[in-house]
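Quick note: the coordinates plus some simple rules give every number you see, no bench work behind them. Source: prediction; values computed, not measured. Cβ: placed from backbone, ideal geometry, glycine included. Neighbour counts: every protein chain shown.
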Amino acid sequence: MDLMGATWRKSSRSAQTNDCVEVAMNLPGVVGVRDSKDPAGPALSIDPGSWRSFTAALRR
């Protein structure tokens, strides 16, 4: 999956640290996830339904 057009963001709770997960939700049909310490490194592409299930489970 090509994530070149991704707009990456991280939680506002992460302050100025670079030890975070970044998420890109602006791509059609996929959610991108990467490590903020290595923005040029590998990234995951996850289908939006699985991402919603994952984040809902975290909230519970």
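Name the residues in the range 37-60 that are surrounded by 10 or more Cβ atoms within 10 Å (Cβ to Cβ) and aliphatic (A, V, I, L, M), would you?
Residues satisfying the conditions are ALA43, LEU44, ILE46.
Within the range 4-26, can you find the residues that are within 11 Å of the chain's Cα centre (by Cα) and not small (Gly, Ala, Ser)?
Taking the range 4-26 and keeping what is within 11 Å of the chain's Cα centre (by Cα), we get 6-11, 20-26.
Matches in the range 4-26: THR7, TRP8, ARG9, LYS10, CYS20, VAL21, GLU22, VAL23, MET25, ASN26.
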